[in-house]
Amino acid sequence: MTDLDERIASALREHAEGAVDIDRLTAGAVTGGRRRLRRRRAVFGGLALVALLGGLAVVPGLPGVDRPLTGPAAPAVPDGAAPPLMRAAPGAAAAPEVVGTDAGVLHFGVDTTRVRYLSWEASQGRETVGLDVGDGRKVTVELARSSQTLRDASAEGVPFEVAALAEEAAFDGRTSTLTVDGMPIQVRQWRPVPGLYARASVSAQQDTALTVAAEALRLTEARRCGAPVRVTTVPDGARVASCRVNVTGFPRLVTARFNIARADNHQMSVSYQYAAEISPQTVDRNMTIGGRPAHLYSAQDRIELLGVPKSRLLADYGWPEQGFDKLDAALVLGGVQVAPDPTRPETWD
């Protein structure tokens, strides 16, 4: 059993009597170094700029629109999961103005013969993917319509010090090296097409992985963020504000989280976890949603839709006070679509 398998099994055993915590499962799939970086995300400010090292090297041949790979050859990567293609939606190259405007769409993809998806996300005006280029390190690539969007926040697992580099003039294709908690972080920022800003980062001594990941981008395609589960129904006046999927442990573990928001700042989250080693269902039906069994955890403002094989599907509502209610949560869960087989990405569309 691998270290990842042991972490998954341990987390699932700990939660055998309750809901599986998506964030704990996700955290269990990354390295100890990445955990140290996340602890530093709360530290953000001028000190990050002091950490920027000198001697920046210009990297020629940055990718434009689906250019062939010209950088160092990446090690072979195993087959994995990928978000489904959306042939009717434009790619970022043709319509950079739509990047980050729809949490259900990623307006770019990657060459999966060169890299493997670990995660993908659409949130706060950014579209993000986590990639394995074959050396076991996670490269995070973020796209946005402005440098300010990338400066305002970093993707999941990326320290805030990286965001501090996102000055307009810094998107020139060079690699910057930061030191965070004694660990080197390579950051590259560039503008692949007019109106589009890109940032790639990795915890590594060298920036080879950034070159591989950047040149693997495919800006002429669009992909659906919500997979293998899709939120299709939301309460009046609400929208899906963010989508995050993690397939680091695929095919044994797939997690997804959606945030549903209203203009009054009320929030509801929908979380999905598929795990090959998930514990059997331990709660009974005490309500139905569209004829399907469900369980209301009234004390936690939570509803779980039951009967999804090897999966947990929950809606957490009621935050902050006087926010969404159980009827809203039931409406959302009643419209959720789950792929027939989470271990087969061809069934996700």
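Between T232 and T113, what FRET efficiency follows from the Cβ-Cβ distance if R0 is 45 Å, with the result rounded to 0.05? E between T232 and T113, to the nearest 0.05, is 0.90.
For region 160-319, what does the equivalent ellipsoid look like in terms of its semi-axes, each the square root of 5 times an eigenvalue of the Cα gyration tensor, given largest first in whole Å? Don't skip to the end; give the middle numbers.
On the way: eigenvalues 301, 76, 50 Å².
Equivalent-ellipsoid dimensions as semi-axes: 39, 19, 16 Å.
Looking at region 134-236, the GluC sites (Glu not before Pro) that sit in a DSSP loop and have at most 13 other Cβ atoms within 10 Å of their own Cβ are E167.
Across region 144-154, coupling constants 3J(HN,Hα) worked out from phi with the 6.51/-1.76/1.60 Karplus curve, θ = phi - 60°, read 7, 8, 8, 5, 5, 4, 6, 6, 5, 7, 10 Hz, and Gly and Pro carry x.
The distance linking region 244-259 with region 283-320 is 19 Å (Cα centroid to Cα centroid, whole angstrom). Each residue of region 302-307 was assigned a 3J(HN,Hα) from its phi angle through the Karplus curve 6.51 cos²θ - 1.76 cosθ + 1.60 (θ = phi - 60°); the sequence is 9, 10, 10, 7, 8, x Hz, with glycine and proline shown as x. Here the 3J(HN,Hα) profile of region 256-264, calculated from phi with Karplus coefficients 6.51, -1.76 and 1.60 at θ = phi - 60°, is 8, 9, 10, 10, 10, 9, 10, 4, 7 Hz, Gly and Pro shown as x. In region 75-169, the convex hull through the Cα atoms has an average projected area of 6.7 nm², a quarter of its surface area. Kirkwood radius, region 237-291, all distinct C-alpha pairs, inverse of mean reciprocal distance: 13.7 Å.
Scanning residues 5 or more positions from L118 or on other chains, those with amide H under 5 Å from its amide H are G130, L131, D132, with H placed 1.01 Å from N in the peptide plane. A cut-off of 5 Å between modelled amide H atoms, ignoring neighbours fewer than 5 places along the same chain, links Y297 with R302, I303, E304. With a simple spin-label model that places each label point 7 Å from the Cα along the Cα-to-Cβ direction, the separation between E156 and E97 comes to 3.1 nm. Here each label is just a point 7 Å from Cα along the line to Cβ, and for Q322 and A88 those points are 4.0 nm apart.
The numbers here are math on the coordinates, done by the rules we state, and not lab data. None of these values were measured; they are calculated from a predicted model. Heads up, the Cβs are rebuilt from the backbone with ideal geometry, glycines too, and the neighbour counts pull from every protein chain shown.
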